[in-house]
DNA sequence: GGGCGATTTGGGAGCGCTTCCAGTCCGACC
DNA sequence: GGTCGGACTGGAAGCGCTCCCAAATCGCCC
């Protein structure tokens, strides 16, 4: 390892020009004669020169990186395939730029502190913030941050200037309307975490649809988006409202759990109980029966977050974006 | 945004000391009197000073970051929950340090080029490299890289100095032995991608176990680790060797697909056909029937990669690490 | 051939921090 | 009271790059 790195000065010297000139050709700026430009080019690949990103960052006051922060006490949250998809989306647009993606799970006290500093001191050029819980102190910091911040999903409690979200409420409404249209009248729901925007939005959509249909929205159990929580909630539902004939579940993971409990309870799906999920995860097509669910464009969410941030970095204005969701009808309802 | 950032000079001035002294207290180095140390501390939080990471990086020649690179033409590969788990593991140990995690999906030509530069020019302090395909040119670069590189999973074709891997071969052998012990004699396998280390290792383990048992390892179909591929391969298997009585599937995702095809074909699991998967993904416990599978400690894999890299950065020696896998017996075999 | 505007050129001052080094200061010891 | 070693101290030289600016050069037209 570790022969010293080639510097711009060496390139300049070899090419017989000044460092300024060499710098200009690297950033292909104007005011360099054809001849010198060529000389520098040759020197560059003769020497195998690669500009030092750190030095450049210091000189230009631009970090050359953006951070994706998932705010959560529970690191395992990230294990949800949802985030992986988002990352893929983000990465696909960042790859077209010279920006690096730094990932912060913001789990420990220490890493949260680092994130806060970062928000205040422009150690990164921009920040994408996801899955903020209600009352997360990061929210306030983000608002008056020194760097552009775009939110993924609308946080609870306030409306950030820049965010991209999926139409959770609309999707939930469509799902519930589907249940109503199919003839169900005793419709229950398993909610997600209600201290998150997506959880409440889906719950709200459910309520709206029932209100419009003139039905009661009293059959409610609360889950946490995860499979086991869904199973627990379904058991609770069955226990308290044995007459239910349909259930809107706020995530496919929970729906999988719910399906299992229903099967064990001897309720046929969709004949006795219709089930609709949310997310359209890969395995939704292969549950028994295949799960009717609300599809949301997760990669697109990531892509649009990244694009929005890029626009902000370029000094352009930008406004919140709500991505459409879409009901995918399969056998479960 | 954008009141200028507080610099060390301002801190020093306010504390009435030299910049050198201020620097020393920040890095809590020796040779600064109790009094001055205190003065600087006060100035720091009066001013809200945060050191500029870029400047520090330039001065110390240390980037303060490590990169996790997933080498792949297909960005969607990362959507496999496997990587999310690895990231969680890595992140958990990095959080205890001052290192940032930068993520490179290394998909486009452009980002691969950036990664290559990085390997040559120490723009990051270390690199973790995963899922290298056979003949990936990155491999060679990584070997003579200017920064420490630890591999996640053993790449095909050569043995890197530093890697951590799961005992894929041993796990596959155990799984297959389990099938043999249960009395199956016409045992098939669905392999993963054979241009990856994990794929071949699992295939090898399968072959070994059958050889030891004196059985033929001829019933083979090739998959790609993904669910649909598993389904296709199972169909092929059933078509060519209708007499098979067990199948070792190199990933749970594929096993889910295989289970579906078996059900559709009217084969009872485990009565007609025993099935064992690999990975122990979350949903493995909830398939019908619940899937017997090989558990591998994915988060631990990430953790150990990060630890190994940290050790290397600290100048310590380190040697390859193989994490144990473990058969989890459920109903499918 | 002289003059003028437009380009090109390279010197140099930073960006904010670390770290070497020479000098200062202090208490202790003889 | 003088010496000496050791702990402080701050000046200054970088780390590698960008970019402003004054100076030099060029081409062109009359």
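Some notes on this structure:
- Output for the range A:271-286, where each listed residue is more than 14 Å from residue B:79 (Cβ to Cβ) and either surrounded by 23 or more Cβ atoms within 10 Å (Cβ to Cβ) or touching a residue at least 24 places away in the same chain (Cβ under 8 Å) (or both): A:272, A:273, A:274, A:275, A:276, A:277, A:278, A:284, A:285
- Residues considered: B:118, B:101. Of these, the only one that is within 12 Å of chain A (Cβ to nearest Cβ) and within 15 Å of DNA strand D (Cβ to nearest atom) is B:118.
- Applying the set (1) surrounded by 19 or more Cβ atoms within 10 Å (Cβ to Cβ); (2) more than 7 Å from chain B (Cβ to nearest Cβ); (3) more than 15 Å from DNA strand D (Cβ to nearest atom) to residue A:43 leaves exactly one unmet item: (3).
- Among the residues of the range B:178-224, those that are in a helix (DSSP H, G or I), in contact with a helix residue (DSSP H, G or I) (Cβ under 6 Å, 6 or more places away or on another chain) and crowded, with 20+ Cβ neighbours inside 10 Å comprise B:198, B:201, B:202, B:205, B:206, B:209.
- Neighbours by Cβ (under 6 Å, 6+ apart or cross-chain): first from the range A:9-23, without any contact (Cβ under 8 Å) to a residue 60 or more places away in the chain; second more than 8 Å from DNA strand C (Cβ to nearest atom) and in a loop (DSSP other than H, G, I, E, B): A:11/A:49
- In this structure, residue A:234 does not satisfy being at pLDDT 95 or above and closer than 30 Å to residue A:90 by Cβ.
- Sole exception among (1) within 14 Å of another protein chain (Cβ to nearest Cβ); (2) surrounded by fewer than 21 Cβ atoms within 10 Å (Cβ to Cβ) for residue A:252, by number: (2)
- Restricting the range B:10-36 to residues that are more than 9 Å from DNA strand C (Cβ to nearest atom), under 43 Å from the mean Cα position of the chain (by Cα) and not in a helix (DSSP H, G or I), the residue that is nearest to residue B:53 (Cα to Cα) is B:28.
- Any hit, the range B:165-172, residues being out of contact with any strand residue (DSSP E or B) (no Cβ under 7 Å at 6 or more places or on another chain) and at positive phi: no
- Of the criteria (1) within 12 Å of another protein chain (Cβ to nearest Cβ); (2) out of contact with any helix residue (DSSP H, G or I) (no Cβ under 7 Å at 6 or more places or on another chain), which one residue B:125 fails: (2)
- Flag for residue A:63 being touching a residue at least 60 places away in the same chain (Cβ under 8 Å) and crowded, with 21+ Cβ neighbours inside 10 Å: yes
- Whichever residue in the range B:68-97 is more than 8 Å from chain A (Cβ to nearest Cβ), closer than 22 Å to residue A:73 by Cα and at pLDDT 90 or above and, among such residues, is farthest from the chain's Cα centre (by Cα): B:97
- Among all residues of the range B:262-282, there is none that is in contact with a helix residue (DSSP H, G or I) (Cβ under 6 Å, 6 or more places away or on another chain), in a helix (DSSP H, G or I) and at pLDDT below 95.
- Subset tally (residues that are in contact (Cβ under 8 Å) with a residue 24 or more places away in the chain and at the interface with chain B (Cβ under 7 Å from one of its Cβ atoms)) for the range A:104-115: 2
- Selected residue (only one of A:34, A:14 is crowded, with 17+ Cβ neighbours inside 10 Å and either over 25 Å from residue B:61 (Cβ atoms) or more than 9 Å from DNA strand D (Cβ to nearest atom) (or both)): A:14
- Top-ranked residue of the range B:136-149 - restricted to ones that are crowded, with 21+ Cβ neighbours inside 10 Å and within 14 Å of chain A (Cβ to nearest Cβ), ranked as farthest from residue B:213 (Cα to Cα): B:147
- Taking the criterion of being within 23 Å of residue A:75 (Cβ to Cβ) and within 14 Å of another protein chain (Cβ to nearest Cβ), the residues of the range B:287-308 that qualify are B:297, B:298, B:299, B:300, B:301, B:302, B:303, B:306.
- Test for residue B:99: is it within 16 Å of DNA strand C (Cβ to nearest atom), in contact with a strand residue (DSSP E or B) (Cβ under 8 Å, 6 or more places away or on another chain) and touching a residue at least 12 places away in the same chain (Cβ under 8 Å): yes
- Members of the range B:47-65 found to be part of a helix (DSSP H, G or I), more than 12 Å from DNA strand D (Cβ to nearest atom) and more than 7 Å from chain A (Cβ to nearest Cβ), listed by number: B:47
- Criterion violated by residue B:133 - all others in (1) touching a strand residue (DSSP E or B) at 6+ places or on another chain (Cβ under 9 Å); (2) more than 7 Å from every other protein chain (Cβ to nearest Cβ); (3) modelled with pLDDT under 90 satisfied: (1)
- Test: residue in the range A:2-9 that is touching a helix residue (DSSP H, G or I) at 6+ places or on another chain (Cβ under 8 Å), more than 11 Å from DNA strand D (Cβ to nearest atom) and either more than 13 Å from chain B (Cβ to nearest Cβ) or outside any helix (DSSP H, G or I) (or both): no
The values are calculated or read from the model by the stated rules, or taken from the named source; none is laboratory data. None of these values were measured; they are calculated from a predicted model. As a convention, Cβ positions derive from the backbone with ideal geometry for all residues, glycine included, and neighbour counts pool all protein chains shown.
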